[in-house]
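The values are calculated or read from the model by the stated rules, or taken from the named source; none is laboratory data. A quick note: this is a predicted structure, and the numbers were derived from the prediction, not measured. So basically every Cβ, Gly included, is an ideal-geometry build from the backbone, and we count neighbours across all protein chains shown. Just the protein is used for accessible areas: all its heavy atoms, side chains included, with ligands, DNA and RNA removed. Shrake-Rupley method; radii C 1.70, N 1.55, O 1.52, S 1.80 Å.
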Amino acid sequence: MAQTIALEAAGREVPITNPYKVFFPRAGYTKLDLAKYYLAVAEGALRGIAARPIVLKRYVHGAEGAPFYQKRAPDQHPDWVETCVVHFPSGRSADSVVCRSAADLAWVVNLGCIDLHPWPVRAFDTDHPDELRVDLDPTPEASFADVRQVALVVREVLDEHGLVGFPKTSGSRGIHVHCRIRPEWEYLETRRAALALARAVERRVPRLATSAWWKEERRGVFVDYNQNARDRTVASVYSVRPRPDARVSCALTWDEVTDVEPEELRMDTVPERVRTRGDPGAGIDRAAGGLEALLELAARDEREGLGDAPWPPHFPKATGEGMRVAPSRARKRPPPQA
């Protein structure tokens, strides 16, 4: 068998090395199958990642092997692959890969990437997000029916605050809702808006939704506001996820949210769905809104005594943030000596 196959993509020939290497052992899909999938859904997939820096999550041993994250562009890459500088919470920076075409999609697949993880910013301005991301992450005891209900409440809150949400399956147990926003706010404000949204959803369905960061305090579906912090990414739309059935993070209409079955949206079914039904997220770039109303809600919460919520552990401690330790551990700490 050929050890390298060239795929035609966006007017370029992109080599796929070890094309018959099995990436999904149970489903039988190879690296070549994965590359062909992304070319088949390239228009929709690029809508989620085009002109954005991405984190390369490389599964060099396939979906059942351990991945490694590569935030810096490989030293050796084609001249036509773009990069841009991104800055991390630590103060360090790196040149990250920027995808713009189907050829770029095929190239990152050849590196071993299965799902795609873009930053919520564009390469021309990496300090001002143009996307608000709502990640609905169910706790072990929560059902997917719970996730569906919470997603519909998210839509209500977004609508009331002047934002248009575009839902998609996460490709795992959750649902993501993405909103285009004008790139006028920095990460701190975008996260602040996301936290206000999470708390608003929790107030409406307290038995189903939670904004609690610590797992021991969660119940139902966690509305993960911290996905809007700098250097956090989620799998983009039409990403194949590293699950045995090669499930896809697939764009949905809101009407589909009530009865979607994620296991039906796979690498072998989504291209035909897109071909025959189109992309439900096709209008996302024409729906950019503002964060003014959510930030007003955040200010109200703060006046009523709701301060900042915990950040991920590798972030510098924020002003107004409480102790960055799980409540059960905090209770065990000895009192200070007099």
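Assorted remarks:
- The range 278-295: number of residues that are among the hydrophobic types (A, V, I, L, M, F, W, C), more than 17 Å from Val41 (Cβ to Cβ) and assigned to a loop (DSSP other than H, G, I, E, B): 3
- Filter pass, Glu13 being over 17 Å from Tyr238 (Cα atoms) and not aliphatic (A, V, I, L, M): yes
- Sub-6 Å Cβ pairs linking a first residue in the range 279-296 that is within 17 Å of Ala200 (Cα to Cα) to a second residue that is of a type in the set (Gly, Ala, Ser) and open to solvent by less than 20 Å² (accessible area, probe 1.4 Å), at least 6 apart or interchain, are Leu291/Ala193; Leu294/Ala193; Leu294/Ala196; Leu295/Ala193, ordered by first then second residue.
- Applying the condition of being under 20 Å from Arg232 (Cβ atoms) and among the acidic types (Asp, Glu) to the range 282-338 and asking which residue is modelled with the lowest pLDDT yields Glu321.
- Taken together, the criteria exclude Asp285 from residues that are in contact with a Gly (Cβ under 6 Å, 6 or more places away or on another chain), surrounded by fewer than 21 Cβ atoms within 10 Å (Cβ to Cβ) and under 24 Å from His117 (Cβ atoms).
- Residues in the range 80-91 that are open to solvent by 30 Å² or more (accessible area, probe 1.4 Å) and either modelled with pLDDT of 95 or more or touching a strand residue (DSSP E or B) at 6+ places or on another chain (Cβ under 7 Å) (or both): Trp80, Glu82, Thr83, Val85, His87.
- Look at (1) surrounded by 17 or more Cβ atoms within 10 Å (Cβ to Cβ); (2) part of a helix (DSSP H, G or I); (3) modelled with pLDDT under 95 and you find that Glu216 fails only one, number (1).
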